[in-house]
1. What number of residues in segment 232-272 are modelled with pLDDT of 95 or more and in a helix (DSSP H, G or I)?
2. Within segment 30-46, which residues are under 8 Å from the mean Cα position of the chain (by Cα) and among the aliphatic types (A, V, I, L, M)?
3. Name the residues in segment 116-139 that are assigned to a helix (DSSP H, G or I), open to solvent by 10 Å² or more (accessible area, probe 1.4 Å) and either touching a strand residue (DSSP E or B) at 6+ places or on another chain (Cβ under 6 Å) or touching a residue at least 40 places away in the same chain (Cβ under 8 Å) (or both), would you?
4. From the list GLY332, GLY344, GLY352, GLY256, pick out the single residue that is more than 16 Å from the chain's Cα centre (by Cα) and closer than 20 Å to GLY35 by Cβ.
5. Scan segment 339-357 and give yes if some residue there is of a type outside the set (Val, Ile, Thr), touching a residue at least 60 places away in the same chain (Cβ under 8 Å), open to solvent by less than 60 Å² (accessible area, probe 1.4 Å) and more than 23 Å from GLY145 (Cα to Cα), otherwise no.
6. Which of the residues spanning segment 300-338 are assigned to a loop (DSSP other than H, G, I, E, B), of a type in the set (S, T, N, Q) and open to solvent by 30 Å² or more (accessible area, probe 1.4 Å)?
7. Is it true that ARG92 is of a type in the set (D, E, K, R), assigned to a helix (DSSP H, G or I) and under 27 Å from THR154 (Cβ atoms)?
8. How many of the residues in segment 189-214 are over 20 Å from GLY47 (Cα atoms) and among the aliphatic types (A, V, I, L, M)?
Amino acid sequence: MDKMLMSKNGPAIAGAVLGVIGALLVKFGNPGNMGFCVACFTRDIAGAFGLHRASVVQYLRPEIAGFIIGAFASALAFSEYKPRGGSSPMIRFALGFFAMTGALVFLGCPWRAYLRLAGGDLNAVAGIAGLVCGIAVGVWFLYGGFSLGASRPTPKAAGFVMPLFAAAILAFLFAKPLLGPEGTGPIFFSEKGPGAAHAPALISLSAGLVVGWLAQRTRFCTIGALRDLIMVRDTHLFKGIAAFIIAAFAANLALGQFKPGFENQPVAHTMQLWNFLGMALSGLAFTLAGGCPGRMLIMSGEGDSDAGSFVLGMLVGAAFAHNFSFASSGAGIGAHGAAASIIGIVFCLIVGFAFKNKMA
């Protein structure tokens with residue numbers, strides 16, 4: 001089995017499995033077209049920890065913990081646990097912040113963009129087009145020698161931070177401790193809205209563990225797939241995206257979850273310019289950082305503290321997005337979502353030019 005996962009068809013195998021699992025998680029209770037969404041799920045975790053108070057998006061999503069722990073277990077099992085860091089961690093944190101900003105303007109990460117398309121949400125087309133454009137700009141910087149610098153080996157214990165964070169998420173989810181005043185909190189759970197829609201915790205955790213393992217073994221990455229296709233016409237990783245969409249589409253059809261159209265799509269809006277620009281921002285930030293948000297979670301499980309910095313940037317970005325009205329809703333973009341997107345694009349362009357010839 002591992003030979004198959006590490007073969008040229010590995011990403012396609014992983015993509016097909018992820019697509020089916022994504023559709024099944026919706027059937028089991030996750031929000032529509034949101035079997036997986038690293039951005040949305042990270043936002044929900046930020047809310048559950050009280051980093052924002054948008055009461056409809058607060059839940060400790062076990063899928064995120066599963067991604068990290070599954071990748072950690074896989075890396076240990078195959079001697080690929082190699083703690084490393086020191087490659088511009090603060091810049092990566094900021095890129096994670098703005099990647100989340102763009103994703104919450106669009107309402108989804110790249111994984112969810114493809115799941116939305118596979119579920120019939122045609123608003124995803126503008127988002128995917130923006131994602132491709134953002135990646136293309138990032139590739140232009142890569143052609144010019146862009147680099148955030150090389151990482152260095154770190155002590156073994158340094159790589160435990162993100163797996164321990166994942167374990168803490170699960171501990172709080174299942175224990176629900178009451179540590180606050182008068183027997184309240186500190187964890188918040190939505191009683192309505194997307195945060196209240198979730199598959200049973202053990203099913204979600206099992207799905208996350210499987211995905212974490214598969215993605216670690218196959219190097220599944222939706223950003224790397226398009227980057228490699230644009231840069232060197234390499235379709236190895238792109239097969240994973242194709243299989244992901246096809247499998248999710250087929251599973252949605254079989255489950256009666258395919259509902260084509262623009263209007264009344266779950267957790268989506270029809271402001272196409274900002275669907276495009278939000279994902280263009282995310283695509284550029286992801287490319288400069290070196291991978292999609294799912295890949296960043298996987299790498300953090302392997303011991304990459306730079307990827308962990310990016311993930312924590314996303315967590316803080318999610319909090320800011322809701323506290324400062326960057327995030328969109330089904331009614332459209334937030335009050336300050338347009339300004340935040342433009343600021344994020346400008347920031348990413350500055351980083352691109354500042355580091356363009358750093359290592360060339």
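The values are calculated or read from the model by the stated rules, or taken from the named source; none is laboratory data. Keep in mind it's a predicted model, so treat the numbers as computed, not measured. Glycine gets a Cβ as well: all are built from the backbone with ideal geometry, and neighbour counts include every protein chain shown. The protein model used for the area step is the full one, side chains on, heavy atoms only, and it has no ligands, DNA or RNA in it. Shrake-Rupley method; radii C 1.70, N 1.55, O 1.52, S 1.80 Å.
1. 19
2. Answer for segment 30-46, where residues must be under 8 Å from the mean Cα position of the chain (by Cα) and among the aliphatic types (A, V, I, L, M): VAL38, ALA39.
3. Across segment 116-139, the qualifying residues are LEU117, ALA126, ILE128, ALA129, VAL132, CYS133, ALA136, VAL137.
4. GLY256
5. Among the residues of segment 339-357, at least one is of a type outside the set (Val, Ile, Thr), touching a residue at least 60 places away in the same chain (Cβ under 8 Å), open to solvent by less than 60 Å² (accessible area, probe 1.4 Å) and more than 23 Å from GLY145 (Cα to Cα), which makes the answer yes.
6. The one that is assigned to a loop (DSSP other than H, G, I, E, B), of a type in the set (S, T, N, Q) and open to solvent by 30 Å² or more (accessible area, probe 1.4 Å): SER325.
7. yes
8. 7
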